[in-house]
Amino acid sequence: MTTTVIYARVPETLKQATDDYAGDRGVTITTAVVELLERGLEANANARSVAELESKVTQLVAETAHLRRELHGAKSELQMLGALSQRTKQVVGTCPTCRQSITGYDLLAVGRCSKCGASLSALLAGKQRSTGLDQQEFLLLLGALGAVVGVALLASKA
């Protein structure tokens, strides 16, 4: 490899730092200058890709934060659905036709008695004098359903 000469005036502090670098590594000043100049040129050439990488990291950090928020929301929604599922299994009243117990699921999801198949819409409308509906259990069921709907609404806006 052929070499050429570069003459440059440098501040005294830079000359001293170069001498120290060469001394620490046990190389000549020429070798130290070539090494440092090559590193500087390489760093300058890579500056754009470093900036691109930093931008990508910033983007990925924001994406990760967004995904964490979505995961937290999904976990909350899953807990609410679990609570609703448990609540729908509970007895909320009796069938007006066969007097068998009906669950929240029978009342709200199926709309029919699981034993005799009678429609349960009259219970919801309160059209009968004796509805056979446990108001407290029904209200708890509606509260759980409302919580799930609320969480779903919030999740859809995020």
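Scanning segment 98-109 for residues that are open to solvent by 20 Å² or more (accessible area, probe 1.4 Å) and at pLDDT below 85 yields LEU108, ALA109. Only one of the numbered conditions (1) within 40 Å of the chain's Cα centre (by Cα); (2) surrounded by 14 or more Cβ atoms within 10 Å (Cβ to Cβ); (3) aliphatic (A, V, I, L, M) is violated by ALA22, and that is (1).
Within segment 104-127, residues that are among the basic types (Lys, Arg) reach no partner that is open to solvent by 60 Å² or more (accessible area, probe 1.4 Å) and at pLDDT below 85 with beta carbons closer than 7 Å at six or more positions or on different chains. Among the residues of segment 26-81, those identified as in a helix (DSSP H, G or I), exposed (fewer than 11 other Cβ atoms within 10 Å of the Cβ), among the small types (Gly, Ala, Ser) and over 17 Å from the mean Cα position of the chain (by Cα) are GLY40, ALA43, ALA45, ALA47, SER49, ALA51, SER55. Every condition in (1) surrounded by 13 or more Cβ atoms within 10 Å (Cβ to Cβ); (2) under 21 Å from the mean Cα position of the chain (by Cα) holds for ARG87 except the one numbered (2).
The values are calculated or read from the model by the stated rules, or taken from the named source; none is laboratory data. Because the structure is predicted, anything quoted here is derived from the model rather than measured. Cβ sites come from the backbone with ideal geometry, for glycine too, and all protein chains shown count toward neighbours. The accessibility values were calculated without ligands, DNA or RNA, using every heavy atom of the protein model including side chains. Shrake-Rupley method; radii C 1.70, N 1.55, O 1.52, S 1.80 Å.
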